[in-house]
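*Asks:* Would you mind keeping the following structure in view while I ask a few things?
The values are calculated or read from the model by the stated rules, or taken from the named source; none is laboratory data. Quick caveat: nothing in here was measured; it's all calculated off a predicted structure. Positions of Cβ are backbone-derived with ideal geometry, glycine not excepted, and every protein chain shown enters the neighbour counts. Note: areas computed on protein heavy atoms with side chains; ligands, DNA, RNA excluded. Shrake-Rupley method; radii C 1.70, N 1.55, O 1.52, S 1.80 Å.
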Amino acid sequence: MTINPAKTCQPIGAMYAALGVHGCLPHSHGSQGCCSYHRTALTRHYKEPVMAATSSFTEGSSVFGGQANLLQAVETIFAVYNPDIIAVHTTCLSETIGDDVNQIVQKARDDGKVPAGKYLIHCNTPSYVGSHITGYSNMVASLVKYFSAKSVTKKNQVNIISGWVEPSDMREIKRIAAEMGAKIVLFPDTSDVLDAPMTGKHIFYPKGGVTIPELISTGDSKRTIGLGPFCTEDAAIQLDNKCRVKFDILEIPIGLKATDAFITALSRAAGVKVPDSITDDRGRLVDMITDMHKYLYGKRVALYGDPDILVPLTEFLLTIDMKPVYIVSGTPGKRFEPAMENLLSKKVPESKYKNGERADMFLMHQWIKQEPVDLLIGNTYGKYIARDENLPFVRLGFPIMDRVGHSYFPTVGYIGAMNLLTKILGVIMEKEDNACSEEKIELVM
Ligand code: SF4
């Protein structure tokens, strides 16, 4: 039995990935309730209106199939909302009744329901397997399947497939690449889509997102870097098989070592040097770690969420001599436990980690009750544990529904690591100040 899962449903990931394509309207092939939930989850986290359409299944379509609904939807959406692309994902319901969405998409094209210059793509996201991360990965792989093409000339550019991170993280990855003089195609790219500036005018399709010509050109790139194996490996393999673009799969660049690995890989793939400005960012991070080390050393940490974030985060906590003792991810996958064993077996042999169906928030809470920790890191759902156990709590990952601002400040790269460190030390010191006796309170720490 799963109590309080440390994951959410597949289509949410597919919807988030689709929003990282410019002019794209995600479409949920199922009932209105599913689509409403997916949009709500994304809207609550990003504090932006998330647009998506639905096939609006009724009892009839649930029995006889949703082909007629989807064909009608495609016609209506192109006529009324005029997107460049409709990205269809399935739901539990349409998967259970066995709708062949591949065939329906082809029929929509054959019947002339997709106007010239417009696109209709799809991926399957049955939510009774995997998690939102699986859905994200499936939609990203689908972008490669439908768009990437190989021409006769290679382009002097590197593909970066982004794992599930905040729009601000995607912007930071682009900033780092520009600083290094590396030409990249980042996909998906939700910067300027889910953190678009307030201008006073409603723009249905914000200016951000990878464009379709850019997606097509990924087949001519020199190399691909996937950030986060759970989210990006399938797409990178597909791109290699389809267009012979070799790839490296790295961790999401959270923390010192993972960012070092990303900068080195990008420098090699793009054939550019690492500029002094990036080395200086790194130096400032190392300086900050040195200044904070005495407060962080040996502190026990519990963390939960998505595997692509937990692995580099664990590595970063070890780098700064904290002790990640409990780690839980609801996303299944064989890579997680070996990656954790590799990181933790020598440095924190007493650590406990688990992923998949039985790795839930209840389990994490039980572990904390058996032997307490000094810090909790994860999404909004940890607030009840933090409150019950009086723990300093850093909100990180998806979803964060009870705070504003997380999607505007990066966690990736050296600057992102500095943001993260500031949050970690902030909550630990705050508890110290609030809990210590009157005579022990210090002005200077
Ligand atoms: S029915 Fe399935 S697809 Fe719909 S919201 Fe629930 S888990 Fe997600």
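*Asks:* Residue by residue through region 185-202, which ³J(HN,Hα) values in whole Hz follow from phi under the Karplus form 6.51 cos²θ - 1.76 cosθ + 1.60 (θ = phi - 60°), with glycine and proline marked x?
*Replies:* Coupling constants for region 185-202: 10, 9, 8, x, 9, 8, 5, 6, 10, 9, 9, 5, x, 7, 10, x, 10, 7 Hz.
*Asks:* Take region 379-419, drop everything but the C-alpha atoms, weight them equally and run the Debye formula without solvent; then report log10 I(q)/I(0) at 0.21, 0.30, 0.31 Å⁻¹ to two decimals.
*Replies:* Summing over Cα pairs of region 379-419 leads to -0.72, -1.03, -1.05.
*Asks:* If you don't mind, there's one more thing I want to ask. Set Lys and Arg Cβ to +1 and Asp and Glu Cβ to -1, take the dipole of the chain about its Cα centre, and tell me which of Tyr16, Ile161, Leu194 lies farthest positive.
*Replies:* Positive-end residue among those listed: Ile161.
*Asks:* Per 10 Å bin, what is the whole-percent P(r) computed from every C-alpha pair distance within region 128-171?
*Replies:* So the P(r) values, bin by bin, are 20, 42, 29, 8, 1.
*Asks:* Using only alpha carbon positions, build the gyration tensor of the chain, then give the equivalent ellipsoid semi-axes as the square roots of 5 times its eigenvalues, largest first, whole angstrom.
*Replies:* 38, 26, 19
*Asks:* A follow-up question, please. Can you compute the charge dipole magnitude of the chain about its Cα centre, using +1 on each Lys and Arg Cβ and -1 on each Asp and Glu Cβ, nothing else charged? Give it in debye, rounded to the nearest 20.
*Replies:* 960
*Asks:* Here's another thing I want to ask about it. If the elastic network links every pair of Cα atoms under 10 Å, which of Ala52, Ala386, Ala116 fluctuates the most in the Gaussian network model of the chain?
*Replies:* Ranking Ala52, Ala386, Ala116 by mean-square fluctuation puts Ala116 first.
*Asks:* Sticking with this one: Over the Cα atoms of region 222-376, what radius of gyration and what Dmax do you get, in Å?
*Replies:* Cα only, region 222-376: 17.4, 52 Å (Rg, Dmax).
*Asks:* Here is a further query. Could you sort 311-320, 117-126 so that the peptide with the highest average Cβ count within 10 Å comes first and the rest follow in order?
*Replies:* 311-320, 117-126
*Asks:* Rank Asp260, Asp195, Asp276 by mean-square fluctuation in a GNM of the chain with C-alpha springs under 10 angstrom and give only the top-ranked residue.
*Replies:* Asp276
*Asks:* In 5 Å bins starting at zero, report the fraction of Cα pairs in region 1-134 per bin as a rounded %.
*Replies:* 2, 11, 21, 24, 21, 13, 6, 2, 1, 0
*Asks:* Under 1.5 on a/c is rounded, so check that first for region 103-252, then, if it is not, pick prolate when a/b is larger than b/c and oblate when it is not; a ≥ b ≥ c are the square roots of the alpha carbon gyration tensor eigenvalues.
*Replies:* rounded
*Asks:* Ok, one more. For a quick check: with amide H placed at 1.01 Å from N, whose amide H comes under 5 Å from Ile160's, ignoring anything fewer than 5 positions away on the same chain?
*Replies:* Val185, Leu186, Phe187, Ile225
*Asks:* Treating only the Cβ atoms of Lys and Arg (+1) and Asp and Glu (-1) as charged, compute the dipole magnitude of region 373-445 about its Cα centre; round to the nearest 20 debye.
*Replies:* Computed charge dipole of region 373-445: roughly 440 debye.
*Asks:* Separate question: Round to the nearest 10 and report in Å² the accessible area of Glu389, as given by a 1.4 Å probe over the protein chains' heavy atoms.
*Replies:* Its heavy atoms expose roughly 50 Å² to the probe.
*Asks:* Next question, about the same structure. Can you list residues whose amide H is under 5 Å from Ile249's amide H, if they're 5+ apart or on another chain and H is modeled 1.01 Å from N?
*Replies:* Gly226
*Asks:* Here's another thing I want to ask about it. Where in the chain are the helices, taken as whole DSSP H runs, whose Cα atoms extend 24 angstrom or more along the long axis and whose Kyte-Doolittle mean reaches at least -1.0?
*Replies:* For the chain, where a helix must reach 24 Å along its axis and average at least -1.0, the hits are 276-296, 413-435.
*Asks:* Output the pairs from Lys7/Lys346; Lys47/Lys431; Lys201/Lys423; Lys47/Lys354; Lys183/Lys246 with a Cα-Cα distance over 25 Å in this structure; if there are none, say none.
*Replies:* Distance filter (> 25 Å) returns Lys7/Lys346; Lys47/Lys431; Lys201/Lys423; Lys47/Lys354.
*Asks:* Highest mean first, how do 374-382, 419-427, 164-172 rank when packing is the count of other Cβ atoms within 10 Å averaged over residues?
*Replies:* 164-172, 374-382, 419-427
*Asks:* Under a point-charge model restricted to the Cβ atoms of Lys and Arg (+1) and Asp and Glu (-1), what is the dipole moment magnitude of region 127-244 relative to its Cα centre, in debye to the nearest 20?
*Replies:* 520
*Asks:* Sticking with this structure for a sec: If the cut-off is 13 Å between C-alpha atoms, which aspartates and glutamates fall inside it for Lys155, apart from same-chain ones fewer than 8 positions away?
*Replies:* The qualifying aspartates and glutamates are Glu214, Asp220.
*Asks:* Which of Glu357, Glu59, Glu75 ends up with the largest GNM mean-square fluctuation for the chain, with Cα atoms connected below 10 Å?
*Replies:* Among Glu357, Glu59, Glu75, the largest GNM mean-square fluctuation belongs to Glu59.
*Asks:* Now for a separate question. For the chain, what does the helix formula give at 222 nm: sum of -39500 (n - 2.57) over DSSP H segments with n ≥ 4, over the residue count, nearest 500 deg cm²/dmol?
*Replies:* Estimated from H runs of four or more residues: -15000 deg cm²/dmol.
*Asks:* Under a cut-off of 21 Å between alpha-carbon atoms, report the lysines in cross-link reach of Lys107, not counting same-chain residues fewer than 8 places apart.
*Replies:* Answer for Lys107, where 21 Å is the Cα cut-off: Lys118, Lys145, listed by chain and number.
*Asks:* Mind ranking Cys243, Cys436 by accessible surface for me, highest first, 1.4 Å probe?
*Replies:* From most exposed to least exposed: Cys436, Cys243.
*Asks:* Quick one: Karplus J couplings for region 391-397, per residue in order, coefficients 6.51, -1.76, 1.60, θ = phi - 60°, nearest Hz, x for Gly and Pro?
*Replies:* Per residue, the Karplus-derived 3J(HN,Hα) values read 10, x, 9, 9, 7, 8, x Hz.
*Asks:* Could you list which residues have their amide H under 5 Å from that of Val88, counting only those 5 or more apart in sequence or on another chain, with H placed in the peptide plane?
*Replies:* Result for Val88 returns His27, Ile121, His122, Cys123.
*Asks:* Can you work out the base-10 log of I(q)/I(0) for region 205-266 at q = 0.14, 0.18 1/Å, using the Debye formula on its C-alpha atoms alone?
*Replies:* Reported log10 I(q)/I(0), two decimals: -0.47, -0.73.
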